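Student: Can you read through this structure? Questions will come right after.
The values are calculated or read from the model by the stated rules, or taken from the named source; none is laboratory data. Predicted model only: the values in this text are computed from it and were never measured. Every residue, glycine as well, gets a Cβ built from its backbone with ideal geometry; the counts of neighbours run over all protein chains shown.
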Amino acid sequence: MSQINSKITEEIRSKVKALLSAEEIAAFVGFIDGTLPMTARPFTARSPEDADRLVFNSFCVVNPAVYLPPLLKSLEPPRRPTDPLPEGPLPKVGILATGCWSRNISIQLQENQIARERVVVLGTGCRGMVDMRKVGSIIDGREIEKAYELDDRISVSGKGFSEEILLEDVLRDNCLTCICPNPVIMDHRVGGQVPDRRVDNRFPFVDEIESKSLDKRWEWFQNEISSCIRCYACRNVCPLCYCPTCFVDDSRPQWVGKSLDPADTSIFHILRAFHCAGRCTNCGSCETVCPMGINMRVLTSKLTKDVIDLYGTEAGVDSDAPLPLTTYSETDRQDFMV
Amino acid sequence: MNKIYGLERADLEKWLSRWSEKSTVYCPDEGDGRGPASFSGWKVWAGDVLPEIKPGPAKCSIKTFYFPQPESLHTFSTASDDPDAFLLMEAERDRSANVLVGLRPCDARAVYLNGLPYSKDPYFQHRDSRTTLVGFSCLEQCSTCFCQEVGGSPFDTHRLDIAITEIKGRFIAEVLSERGEALVDGAGGAGPASDKEIAELDRLKNEAKVLKSDSGENLKAKELMALYNAGFWDSVADSCLNCGACTFLCPTCYCFDIQDEVVGNKGRRIRYWDSCMFPLYSQHASGHNPRGMKMQRVRNRFMHKLKYFPDRFGPLSCVGCGRCIRECPVNIDIREVLKDLLGVE
Ligand code: SF4
Ligand code: SF4
Ligand code: SF4
Ligand code: SF4
């Protein structure tokens, strides 16, 4: 058992139990153990007893901020779309937040999707989450039947094998290039502060693709997305995607074809990435959840790199900084205009 | 009594060669996890060796074959000078005969189950009538396989034309249908399985049968509204993202939507995969959505498979392949839901 994470788990349980018992919050978004080895299920705790099931470990790969806006809305008294919000305080929601998750909460605040006074953030430093695919390739795709976590290793076993793997060898790529492992917003701290990671190059994959010729880049992109089944898990798991109807779902007008024509799949991926420009926190959820193993995060990373170059800002890190793509300034770079 | 043959690997490969003279033979292919091959999960047999058939079901189900994404139903012209403009013409159909080798019993069972609601669907039936299924029984199950709990078995033969079981390096092929017989008759070269092999096959089958449970009958006996109003749906829905990973990978999810696509002055009416997890799936033209809340959609996915379908057609509409369990981003596990439903009084 990882000492560090079990201590954080203990602290989360007791804090959330207290908050729910005192009815300070109506619900808490965290994680419980999943039914498969190395999985954690995002979970909404609604009673003090629920709090006892919460866990924190290196398998919490889904960014819980995605649940926040709809959950807050669902706790408001029912009313017609045009009716004003009722007077008085509305129920609050608690949420667990690491560095990147808190940055997404910060963006939801800046974009007016949630109200600060209704959110109680339990912040924790994050040492990175595990990439199941990396583990899978180390053990040659054999099926893992049991796994447990130590502080710096995970131990996995199955039919005829048992191995210990160093955590640093199987952390997700986005975690390896994380610039902000500690929460930027926090009402209560659980666990300790973690040291910043040493990141020499934040965009190794983007650099690799940028160095290719135009044709090769296109070839990479087409190959990368060719097995996409348009399940939209990458979109639905992203805390930035909250439009009531996504452009890919509209049918009148039909902006994008609905099946698997490469042109349509390309448009979906390009536009999804652009809609995240200057907002993506590199939390890695999209890439992690893709059932087909598509590395679409390279696209948002490229845009993150561009936004840093053009506007010098970083999504969600400074909650007072203006949002780069919705704020006009006369000094904005315009050299890309024709 | 079914004819049972015993084959060496080379004999089986010879069969495949003979079959590919008259039909297109497909084998499972997961490739390197990238590219169209890994999406469809099938590749045309290259005429060399039988690829390794890994334990458990392939990532993408046989649905990619039976419900092409998309399927052209009709074509039409939009040219103003065309006298037939906007007249729907029957789309060209695939006339080839296909043999699918190496699918697992759960996928074949899915074809049988989908055939119940699609019994009058000309597209499905056309494809099915031209497809011969040669399955491999499962001597090893994955931890997410639960076919026995939903009416199947590692040796299930529903819809299979030939079922092959590997016993001590030899392939024991059970011919189950006329279509299977036609394949084997023309191929020659294989002798009957020995009595010992047949006895071993029976032993394996019986062993698998013992595990069978009757969740389907149990659920059919339960009152629909009690299941519908059960308390646990909210908590399942709390975690769900309403994406399409589960339904798109599921071999028994067969829902589709239809739209017209026009390029230049040529149009086609296609049907393509839809998912009851998507809000638009049930949205009415008026704007009203009878399943407007996430919980209602989550409930529908499970109720359809585990209650509405069996009430209407008999068996459960889940073959226990476990794909949805493996690939759900948030670990929603149909085995838990099944257990919860069975616990409803
Ligand atoms: S685009 Fe991907 S990495 Fe960026 S915030 Fe959304 S889920 Fe996270
Ligand atoms: S999660 Fe993967 S398969 Fe699904 S739409 Fe996104 S890229 Fe495509
Ligand atoms: S059950 Fe899982 S895979 Fe299915 S819609 Fe919900 S989140 Fe997506
Ligand atoms: S519901 Fe899940 S386990 Fe059942 S057939 Fe579909 S993918 Fe397989």
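Student: Just to verify a result, which residue in region B:189-229, among those that are among the polar types (S, T, N, Q) and more than 25 Å from B:VAL298 (Cβ to Cβ), is farthest from the chain's Cα centre (by Cα)?
Tutor: So the first thing to find is which residues in region B:189-229 are among the polar types (S, T, N, Q), and the list is B:194, B:206, B:213, B:215, B:218, B:229.
From the residues that got through so far, the ones that are more than 25 Å from B:VAL298 (Cβ to Cβ) too are B:194, B:206.
On the way: B:SER194: 32, B:ASN206: 24 Å.
Once the filter is applied, the top-ranked residue is B:SER194.
Student: Can you work out which of the residues in region B:290-321 that are surrounded by fewer than 23 Cβ atoms within 10 Å (Cβ to Cβ) and within 14 Å of chain A (Cβ to nearest Cβ) is nearest to B:TYR254 (Cα to Cα)?
Tutor: Per the criteria, the residue is B:ARG297.
Student: Then there's this: Return a yes/no flag: does region B:109-124 have any residue that is in contact (Cβ under 8 Å) with a residue 12 or more places away in the chain, within 14 Å of chain A (Cβ to nearest Cβ), over 30 Å from A:LYS159 (Cβ atoms) and more than 16 Å from ligand 3 (Cβ to nearest atom). Break it down into steps so the answer makes sense when it comes.
Tutor: In the first step, residues of region B:109-124 are kept if they are in contact (Cβ under 8 Å) with a residue 12 or more places away in the chain; the result is B:109-118, B:123-124.
From the residues that got through so far, the ones that are within 14 Å of chain A (Cβ to nearest Cβ) too are none.
No; the residues of region B:109-124 include none that is in contact (Cβ under 8 Å) with a residue 12 or more places away in the chain, within 14 Å of chain A (Cβ to nearest Cβ), over 30 Å from A:LYS159 (Cβ atoms) and more than 16 Å from ligand 3 (Cβ to nearest atom).
Student: Return the total of residues in region A:249-262 being within 10 Å of chain B (Cβ to nearest Cβ) and hydrophobic (A, V, I, L, M, F, W, C).
Tutor: 1
Student: Then there is this: Taking the condition of being in contact with a Gly (Cβ under 9 Å, 6 or more places away or on another chain), near ligand 1 (Cβ under 9 Å from one of its atoms) and either over 23 Å from B:CYS328 (Cα atoms) or β-branched (Val, Ile, Thr) (or both), how many residues in region A:281-327 meet it?
Tutor: Number of matching residues: 3.
Student: Yes or no: region B:306-320 includes at least one residue that is within 16 Å of ligand 3 (Cβ to nearest atom), part of a helix (DSSP H, G or I), modelled with pLDDT of 95 or more and outside the structural domain of B:ASP84 (by TED's automatic domain parsing).
Tutor: yes
Student: Could you grab me the full set of residues in region A:224-238 that are within 6 Å of ligand 2 (Cβ to nearest atom), out of contact with any Gly (no Cβ under 8 Å at 6 or more places or on another chain) and in a loop (DSSP other than H, G, I, E, B)? Even if it seems obvious, please write down each step before you answer.
Tutor: Here is the first cut: in region A:224-238, the ones within 6 Å of ligand 2 (Cβ to nearest atom) are A:228-234.
Now restrict to residues that are out of contact with any Gly (no Cβ under 8 Å at 6 or more places or on another chain): A:228, A:234.
A:CYS228 - this is the single residue of region A:224-238 that is within 6 Å of ligand 2 (Cβ to nearest atom), out of contact with any Gly (no Cβ under 8 Å at 6 or more places or on another chain) and in a loop (DSSP other than H, G, I, E, B).
Student: Can you tell me how many residues in region B:37-67 are in contact (Cβ under 8 Å) with a residue 12 or more places away in the chain, aliphatic (A, V, I, L, M) and farther than 22 Å from B:PHE171 by Cα?
Tutor: 1
Student: Can you name every residue in region B:268-302 that is outside any loop (DSSP other than H, G, I, E, B), of a type in the set (A, V, I, L, M, F, W, C) and under 22 Å from A:PRO70 (Cβ atoms)? It would help to see each step written out before you state the result.
Tutor: Start the filter on region B:268-302 by keeping residues that are outside any loop (DSSP other than H, G, I, E, B), which leaves B:268-273, B:279-282, B:294-302.
Next cut, of a type in the set (A, V, I, L, M, F, W, C) only: B:270, B:273, B:280, B:295, B:298, B:302.
Those that are outside any loop (DSSP other than H, G, I, E, B), of a type in the set (A, V, I, L, M, F, W, C) and under 22 Å from A:PRO70 (Cβ atoms): B:LEU280, B:MET295, B:VAL298, B:PHE302.
Student: Return the residues of region B:249-267 that are out of contact with any strand residue (DSSP E or B) (no Cβ under 6 Å at 6 or more places or on another chain), within 24 Å of B:ARG326 (Cα to Cα) and outside any helix (DSSP H, G or I); say none if nothing qualifies.
Tutor: Across region B:249-267, the qualifying residues are B:CYS250, B:PRO251, B:THR252, B:CYS253, B:TYR254, B:CYS255.
Student: Could you tell me whether region A:265-284 includes any residue that is at pLDDT 95 or above, within 16 Å of ligand 3 (Cβ to nearest atom), under 23 Å from A:LEU171 (Cα atoms) and not charged (D, E, K, R)?
Tutor: No: region A:265-284 contains no residue that is at pLDDT 95 or above, within 16 Å of ligand 3 (Cβ to nearest atom), under 23 Å from A:LEU171 (Cα atoms) and not charged (D, E, K, R).
Student: Need pairs with beta-carbon distance below 6 Å; first residue at negative phi and free of Cβ contacts under 8 Å to residues at least 60 places away in the same chain and within region A:224-236, second within 12 Å of ligand 3 (Cβ to nearest atom) and not hydroxyl-bearing (Ser, Thr, Tyr); sequence gap 6+ or separate chains.
Tutor: Matching pairs, first to second residue: A:ALA233/A:VAL289; A:ALA233/B:CYS243; A:ALA233/B:ALA245; A:ALA233/B:PRO329.
Student: Look at region A:256-298 and say how many of its residues are hydroxyl-bearing (Ser, Thr, Tyr) and closer than 22 Å to A:GLN108 by Cα.
Tutor: Going through region A:256-298, the residues hydroxyl-bearing (Ser, Thr, Tyr) turn out to be A:259, A:265-266, A:281, A:285, A:288.
Still in the list and also closer than 22 Å to A:GLN108 by Cα: A:281, A:285, A:288.
Final tally of qualifying residues: 3.
Student: I'd like the full set of residues that are aromatic (Phe, Trp, Tyr) and either within 16 Å of ligand 4 (Cβ to nearest atom) or at pLDDT 95 or above (or both), limited to region A:221-264. Explain how you work it out, then say what you get.
Tutor: In the first step, residues of region A:221-264 are kept if they are aromatic (Phe, Trp, Tyr); the result is A:221, A:232, A:242, A:247, A:255.
Listed by number, the residues that qualify are A:PHE221, A:TYR232.
Student: Mind telling me which of the residues B:GLY244, B:GLY287 ends up being within 14 Å of chain A (Cβ to nearest Cβ) and modelled with pLDDT under 95?
Tutor: Working: B:GLY244 fails: modelled with pLDDT under 95.
Going through B:GLY244, B:GLY287 in turn, the sole match is B:GLY287.
Student: Separate question: Taking only pairs six or more apart or across chains, which ones have beta-carbon atoms under 6 Å, a first residue in region B:227-251 that is hydrophobic (A, V, I, L, M, F, W, C), and a second residue that is within 16 Å of ligand 1 (Cβ to nearest atom) and assigned to a helix (DSSP H, G or I)?
Tutor: Close Cβ pairs satisfying both conditions: B:LEU241/A:ASN236; B:CYS243/A:ALA233; B:CYS243/A:ASN236; B:ALA245/A:ALA233.
Student: Among the residues in region A:72-81, are any at pLDDT 95 or above, within 14 Å of chain B (Cβ to nearest Cβ), surrounded by fewer than 23 Cβ atoms within 10 Å (Cβ to Cβ) and in contact with a helix residue (DSSP H, G or I) (Cβ under 8 Å, 6 or more places away or on another chain)?
Tutor: So far as region A:72-81 goes, yes, one or more of its residues are at pLDDT 95 or above, within 14 Å of chain B (Cβ to nearest Cβ), surrounded by fewer than 23 Cβ atoms within 10 Å (Cβ to Cβ) and in contact with a helix residue (DSSP H, G or I) (Cβ under 8 Å, 6 or more places away or on another chain).
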